[in-house]
Amino acid sequence: MSKKVLILSASPRKGGNSDVLCDEFLKGAKEAGNDVEKIFLRDKKINYCLGCGFCTNNDYTGCSQKDDMTEILEKMIAADVIVMATPVYFYTMNGQMKTLIDRTCAKYTKIVNKDFYFIVTAADEDKSALERTVEGLRGFSDLCLEGTKEKGVIYAAGVWEKGEIDGTPYVKQAYEMGKNV
């Protein structure tokens, strides 16, 4: 059965290490017959949450801001599978991913029964140093959303410069993970 897969790439660099892993995941998922879309967050206008209360005062039916997050949020609600990919900045997710998560507040109660995959890349060679970032992503998926299942994590440690991901086992891991959605 074909699934609707949404990949959220928070890499600020097209072709950056985490973005390359997103593309490999996408390739595997498409080859397996799934409907796959990748959103490159850098290309989208996503404002910071204003904490204005519009969403809570309107039963989480939307946000007062009119930007690209409205469309992204609808795609998150419609997806069966959500892939969240981020480079690690100072031992946590980058600002693009955190801003996206904060802005789900408008309709987070409608993001239910999803399979989640996480892809994190970092210069630090110690895989355990990436765990803080994954825990932040899990805080969102496990504690804020209903019925989610974590299906896989790629801890791509030791890749800093653009292109360092090439030739690593992480590339094949991302492809295989996508194939097995």
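Run down L73, L143 and say which single residue is without any contact (Cβ under 8 Å) to a residue 40 or more places away in the chain, aliphatic (A, V, I, L, M) and more than 23 Å from V36 (Cα to Cα).
Values: L73 fails: more than 23 Å from V36 (Cα to Cα).
Answer to the check: L143.
Quick one: in the range 19-52, of everything that is assigned to a helix (DSSP H, G or I) and open to solvent by 80 Å² or more (accessible area, probe 1.4 Å), which residue is farthest from Q173 (Cα to Cα)? Before you say what the answer is, go through the steps one by one.
Within the range 19-52, the first condition is being assigned to a helix (DSSP H, G or I), and the residues that meet it are 19-31, 41-43.
Among the residues that remain, those that are also open to solvent by 80 Å² or more (accessible area, probe 1.4 Å) are: 27, 30-31, 42-43.
Values: K27: 12, K30: 15, E31: 15, R42: 24, D43: 26 Å.
Looking at the filtered set, the residue picked out is D43.
Can you say whether M93 is touching a residue at least 40 places away in the same chain (Cβ under 8 Å), within 27 Å of L50 (Cα to Cα) and touching a Gly at 6+ places or on another chain (Cβ under 9 Å), as far as the supplied structure shows? Break it down into steps so the answer makes sense when it comes.
Details: touching a residue at least 40 places away in the same chain (Cβ under 8 Å): yes; within 27 Å of L50 (Cα to Cα): yes; touching a Gly at 6+ places or on another chain (Cβ under 9 Å): yes.
When the stated conditions are applied, M93 passes them.
Among (1) without any contact (Cβ under 8 Å) to a residue 60 or more places away in the chain; (2) touching a strand residue (DSSP E or B) at 6+ places or on another chain (Cβ under 6 Å), which single condition is D67 missing?
The single condition D67 does not satisfy is (2).
Which one of these does I111 not meet: (1) surrounded by 15 or more Cβ atoms within 10 Å (Cβ to Cβ); (2) farther than 12 Å from I82 by Cβ?
The number of the failed condition is (2).
Only residues that are touching a residue at least 12 places away in the same chain (Cβ under 8 Å) and open to solvent by 30 Å² or more (accessible area, probe 1.4 Å): list them for the range 1-14, please. Please lay out each step first, then the result.
Of all residues in the range 1-14, those touching a residue at least 12 places away in the same chain (Cβ under 8 Å) come to 2-14.
Of everything in the range 1-14, those that are touching a residue at least 12 places away in the same chain (Cβ under 8 Å) and open to solvent by 30 Å² or more (accessible area, probe 1.4 Å) turn out to be S2, K3, K4, P12, R13, K14.
Name the helices (runs of 4 or more DSSP H) wholly within the range 88-181 that hold at least 2 residues that are within 16 Å of the chain's Cα centre (by Cα), over 21 Å from I72 (Cβ atoms) and at pLDDT 95 or above? Can you show your working first?
Numbers: elements: 95-103, 131-143, 169-179.
Answer list for the range 88-181: 131-143, 169-179.
Kindly indicate the residue of the range 146-157 that is free of Cβ contacts under 8 Å to residues at least 60 places away in the same chain and under 13 Å from P87 (Cβ atoms) and also most open to solvent (accessible area, probe 1.4 Å) among those meeting that condition.
Within the range 146-157, the subset free of Cβ contacts under 8 Å to residues at least 60 places away in the same chain is 146-150, 152-153, 155, 157.
Now restrict to residues that are under 13 Å from P87 (Cβ atoms): 155, 157.
Values: Y155: 34, A157: 14 Å².
Across the range 146-157, the extreme among qualifying residues is Y155.
So how many residues does the range 55-67 have that are surrounded by fewer than 17 Cβ atoms within 10 Å (Cβ to Cβ) and either touching a helix residue (DSSP H, G or I) at 6+ places or on another chain (Cβ under 7 Å) or at pLDDT 95 or above (or both)? Spell out the reasoning first.
Taking the range 55-67 as the starting set, the residues that turn out to be surrounded by fewer than 17 Cβ atoms within 10 Å (Cβ to Cβ) are 56-62, 64, 66-67.
Now restrict to residues that are either touching a helix residue (DSSP H, G or I) at 6+ places or on another chain (Cβ under 7 Å) or at pLDDT 95 or above (or both): 60, 62, 64, 67.
Looking only at that region, the number is 4.
Scan A85, A79 and give me the residue that is touching a Leu at 6+ places or on another chain (Cβ under 6 Å), modelled with pLDDT of 95 or more and open to solvent by less than 20 Å² (accessible area, probe 1.4 Å).
Values: A85 fails: touching a Leu at 6+ places or on another chain (Cβ under 6 Å).
Step by step, each of A85, A79 is checked, and only A79 is touching a Leu at 6+ places or on another chain (Cβ under 6 Å), modelled with pLDDT of 95 or more and open to solvent by less than 20 Å² (accessible area, probe 1.4 Å).
The values are calculated or read from the model by the stated rules, or taken from the named source; none is laboratory data. Here the structure is a predicted model, which means the values were calculated and not measured. Cβ: placed from backbone, ideal geometry, glycine included. Neighbour counts: every protein chain shown. Quick note on the areas: whole protein, heavy atoms, side chains included, nothing else; ligands and nucleic acids left out. Shrake-Rupley method; radii C 1.70, N 1.55, O 1.52, S 1.80 Å.
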